Every structure is written in C-alpha cells, then in structure tokens.
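Since every read-out is calculated from the coordinates, none of them should be taken as a lab result. Predicted model only: the values in this text are computed from it and were never measured. Don't worry about glycine lacking a Cβ; one is built from the backbone with ideal geometry, like all the others, and counts go over all protein chains shown.
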Amino acid sequence: MDLERIMHNLEKKHPGESEYLQAVREVLESIVEVVNENPHFESAGIIERIIEPDRIFVFKVPWLSDDGTVNVNLAYRVQFNNAIGPYKGGLRFHPSVNLSILKFLGFEQVFKNSLTTLPMGGAKGGSDFDPKGKSDDEIMRFCQSFMLELWRVIGAETDVPAGDIGVGGREIGFLYGMYKKLAREHTGVLTGKGINWGGSLIRPEATGFGSVYFAREMLATKGEDIKGKTFALSGFGNVAWGAATKINDFGGKVLTISGPDGYIYDPEGISGDKIEYLLELRASNQDIVKPYSYEYPEAKFYQGKRPWEVKCDVAIPCATQNELNKEDAENLVENGCICVAEGANMPSTPAAVEVFLENKILFGPGKAVNAGGVSTSGLEMSQNSMKLNWPAEEVDKRLHQIMKDIHQACVEYGTREDGYINYVKGANIAGFLKVANAMIDQGVL
Ligand code: NDP
C-alpha cells in the first residue's frame, strides 16, 4: 500500500480538512502491514473506497429566536459506510462543527462500530448551531427545522442517528417527535431516546462506564486495578460524568474535571454529592467549573490550564478532539501516569500518541475506549426491534462484556513481539478487517 500516494490524493481532493486527513492517516499507518499481507484488499480498491464517505447531505436550518429573529444554520449528515449494518453515529450541535470534523468522526465511527461486535455501519452529522444560552423553545424550533430535512434520509434500517456534543435527551426528544410526525411511524430511528418511549436504560452512562471498564481491562494486563488509583478527567459532560461515577464505584479517586476555560483540582476527590452538584449546574445550563471551586474550598480552579499537569495514575480525556498535546503527554508520563484511556474522540494529538507509545504506557484510543456509547445504542436498537426493554443490570452486563471483547480484539491484533500492546494498531486492524471483508463479499459498490 502506497500510503503517501493515497494521502496525497486525499489531500488534493479535500484541502484543509485537517481533522479528517489526520484520522485517515492514523488508521492507514496502523493497517499498512495487514493490507500488504492481503493483496486482495488492494486489488478490490478497499482503501480508496473505505476512506471516502458513501455520501454527504448538506442543508440549511432556518429557525426563529424567541424575539422573532430569523436565524440560519448549516447542517450535515455524513453517511460513511454501511457494509456491516445501517449507518449509525451521533449528531453534534456546536459552533465548531464543519465538514472536516464530521468526516473525521464518521470515519472513526466506521471502525468503532465494527469493534462493538454489533451490526452497525458508520455515520456522523450535526450543525454549527450553538445550544448554549438558548431557551427550550428555541432548541425545539431548531430541532424541528433540522428534522424537516433530515427525516428523508434516515430510518430504523437505513441510518440511525444519536446524540453527541450538544445533543442530549432533550434534543433527541424534539428530533424524534418531529420525525414521528413526518414519517407517521414510531420506530427506532434515533437512539438516546427517553426511557418511556423506546430508550434504553444505562445509555446516558454507557460511554463513561464503558471507558472505565476498558481502562480496567488495560490495567489488568499489568496486574493493576482501579482501586486506590488517582484519575485526571477533562470536561464534565456526559462522558466525564459516567466515567467519574464508575471510577468511584470501583474505588478510584477523581482529581480533576475541566471546561474550556480551565480545570478544577480537588485533592479530596470528586465523588457523591459533588457529582450531584455538578449535574445540577449542568442541568441549569450554568458554567460548572468555577462555581465548583466556590462551593468546595478544598478544590482549586486553574484558569486557562488543562488537567494534564497534575500527578495522576490514569488520565481519561473526556472533552473534545485535540485537547491533549505533546507537552501534555510528556507531563503525564513524567508525573508517573501509567494509563491514558480516550473517553472523547481523538482527544490526543498524533504527537501526544507518539509520546505514549514511545514510553510504552497503556494507551487506549477513543474508538475502542468510548465504544460503549454506541454499543449501548446498538442494544437500544435491538430492544426496539424486539419491542421490549431490558433491565439496567442486563444492559450493563452486556455493555461490560462488549468492552471486554473489544479489549480482547485489541490485544489479539495489537500485541507486539516484545509483549507491549499497541491498542491503536489493535483497534484499527480489528475494526478494519471486519468492514473490509464485508466490502469484498458485497462487490464494488
Ligand atoms: P458534552 O457536550 O456532554 O460534554 C463535553 C464537555 O467538555 C463539557 O463539559 C464541555 O464544557 C467540555 N469542553 C468542551 N470543550 C472543551 C475544551 N476545549 N477544554 C475542556 N473542556 C471542554 O459531550 P460528551 O460528554 O457527550 O462528549 C465528549 C466527547 O466524547 C466528544 O469527543 C464526543 O464525540 C465523545 N463521545 C461521546 C459519546 C456519548 O455517548 N456522549 C460517545 C462516544 C464519544 P462546556 O459545557 O462548558 O463547554
């Protein structure tokens, strides 16, 4: 496989789409040997076909503010690959959303979904709409207008969107309501639904819980456990909340959380009532990081800084892409961190990943570590198809097993001769093989 030629051609076709190009390069670098050992992948044009989305829908979303102002946002759905199942992937509402970010996320989703052991293809979508500071009515009008376009191209057996940054239970409710009205059917077309109308128990916690289950498996390969370990987390959204809860359940201590403006260091640990307090702040749409340090004087707020400078055993970045750079990685390693598990999608820059791999610390890439979210979405789809709801214990048990299986797949394909497990390679190869073989079976499409 001529990686540089493939990347050169892709860069020519998609100039400046740095996140997308970065994600493709990272995957190709780790599967190059497998592709070279299996010439039929190359002769079937698998690489050229797998790195481009099947199709992209772009549409405008006009909506009215409460004061009657007309607003227009741009929205997208990137249907990347459906070789192993219907397109599946979240919707992100955030001002930073653009095609490069959604293509990177859609591409990653293909391999992540393949790893989950469930039949799901990869997709991603969203809008540059900023839900922050908007009233519920404004959010509703935006979601309804968004769905007026999107509903034509999605369906329970075609493309099943879910939440992501800026899209939680409230937004899924408004989106689903509009879909239901337009399509005149009550079906599992979205995941992350409310528990009384088709949602799955454990879905809100799943990504964070799954990240911790995965970190636990990684630590076990070194004879270590979560109990008594210190954790640095970033963000305090859906993923960080689930992770913080499960770390506490397993006897670990959460030292940090963060927001775009800085981080909180709480040497006594963020647990119990403190987590409840953070949830209340989040639910009321308030800034959460600074108020925490006023409420709990033992905690300190570090303005404009990132949590990767603190001494911790395990780091779980849970905020956003490229939030942990080379210098941060060097700080973590120097301070004795033994494990980094990516709760967010691509939070570490390529240079940071290199630092982790060079220093042979345990490093779990997002597509494996945070796959618990989409796995539980897959379980939600199964429950919808069967028209029944599993109890929380059943869903959690299945989630736990899926995370163990994903870990095992990474070990199988990522263990090097010296015994070091390269999880990046393991996850990419395991995810790639399933999709590539399905594409071969189905012919050139
Ligand atoms: P949320 O929107 O719920 O939370 C994101 C959190 O990160 C918020 O606390 C936000 O703070 C904070 N944040 C945003 N930008 C920065 C920054 N530059 N520095 C520090 N903190 C920041 O999102 P999720 O928790 O759902 O998702 C987080 C990540 O996990 C994303 O990469 C997402 O793609 C990925 N992911 C999520 C899944 C899910 O099930 N939710 C599944 C798989 C992956 P503030 O609110 O103040 O802006």
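Decide, for the range 378-445, between rounded, prolate and oblate: order the square roots of the alpha carbon gyration tensor eigenvalues as a ≥ b ≥ c, take rounded if a/c falls under 1.5, and otherwise choose prolate if a/b is larger than b/c, else oblate.
Working: a/c = 4.94, a/b = 1.35, b/c = 3.67.
Oblate, since a/c reaches 1.5 and b/c is not below a/b.
GNM remark for the chain: springs join alpha carbons under 10 Å apart, and the peak mean-square fluctuation among P307, P267, P15 falls on P15.
How would you rank 144-150, 282-288, highest first, on the average number of other Cβ atoms within 10 Å across their residues? Don't jump to the answer; show the numbers that get you there.
Working: 144-150: 21.0, 282-288: 12.7.
Result, highest mean Cβ count within 10 Å first: 144-150, 282-288.
In plain terms, the chain from E327 to E149 could stretch by 59.7 nm, reckoned as 0.36 nm per residue minus the Cα-Cα distance.
For F146, what is the net charge nearby, where nearby means another residue's Cβ is under 14 Å from its Cβ and Lys, Arg count +1, Asp, Glu -1? Don't skip to the answer; put the middle values down first.
On the way: positive: K60, R77, R92, K134, R141, R152, R170, K181; negative: D128, D130, E138, E149, D164, E171.
Net local charge, F146 excluded: +2.
For a protection proxy built on the mean count of beta-carbon atoms within 10 angstrom, sort 133-140, 364-371, 157-164, 84-91 highest first, please.
Numbers: 133-140: 14.2, 364-371: 29.9, 157-164: 21.9, 84-91: 25.2.
In descending order of packing, they fall as 364-371, 84-91, 157-164, 133-140.
How would you order 44-55, 316-327 from highest to lowest mean count of nearby Cβ atoms within 10 Å? Could you put the intermediate results ahead of the total?
Values: 44-55: 17.6, 316-327: 22.8.
Most protected by this proxy first, the peptides run 316-327, 44-55.
Considering only the Cα atoms of the range 94-202, their convex hull presents on average a projected area of 7.2 nm².
Listed by chain and number, the aspartates and glutamates placed with their C-alpha closer than 18 angstrom to that of K300 are D261, D266, E268, D273, D287, E309; residues fewer than eight positions away on the same chain are left out. Each other residue within a Cβ distance under 15 Å of S65 adds +1 if Lys or Arg and -1 if Asp or Glu, for a net charge of -3.
Taking only the alpha carbons of the range 6-97, we obtain Rg and Dmax values of 17.8, 62 Å in that order.
Taking every alpha-carbon pair in the chain and binning the separations at 10 Å intervals from zero gives 4, 22, 32, 27, 12, 2, 0 percent. A full extension of the chain between E334 and E280 corresponds to an added length of 15.9 nm, given 0.36 nm per residue minus the alpha carbon distance.
For the range 263-397, the gyration tensor built on C-alpha atoms gives an oblate shape. Its axis ratio a/c (a ≥ b ≥ c) is at least 1.5, and a/b is not larger than b/c.
Computed from the Cα positions only, the extents of the range 319-382 along the three principal axes stand at 44, 19, 16 Å, in decreasing order. Against the empirical curve 2.2 N^0.38 Å, the C-alpha radius of gyration of the range 317-445 lands at a ratio of 1.22.
Report the local net charge at N331: Lys and Arg +1, Asp and Glu -1, summed over other residues whose C-beta lies under 13 Å from its C-beta. Intermediate values should be presented prior to the final figure.
Numbers: positive: K305, R306, K311, K326; negative: E309, E327, D328, E330, E334.
Value of the local net charge: -1.
Using bins of 10 Å that start at zero, the share of Cα-Cα pairs per bin across the range 1-42 amounts to 28, 52, 19, 1, in whole %.
Express the C-alpha Rg of the range 231-272 as a ratio against the empirical globular expectation 2.2 N^0.38 Å, rounded to two decimals.
Working: Rg = 9.5 Å, N = 42, 2.2 N^0.38 = 9.1 Å.
Working it through for the range 231-272, the quotient is 1.04.
For trypsin sites (Lys or Arg not before Pro), the sites in the range 137-190 that DSSP calls loop and that have at most 11 other Cβ atoms within 10 Å are R184. Counting only lysines at least 8 places from K326 when in the same chain, those with an alpha carbon closer than 23 Å to its own are K305, K311, K360, K367, K425. For the range 59-179, the number of Lys pairs separated by eight or more positions or lying on different chains, with C-alpha atoms closer than 26 Å, is 15.
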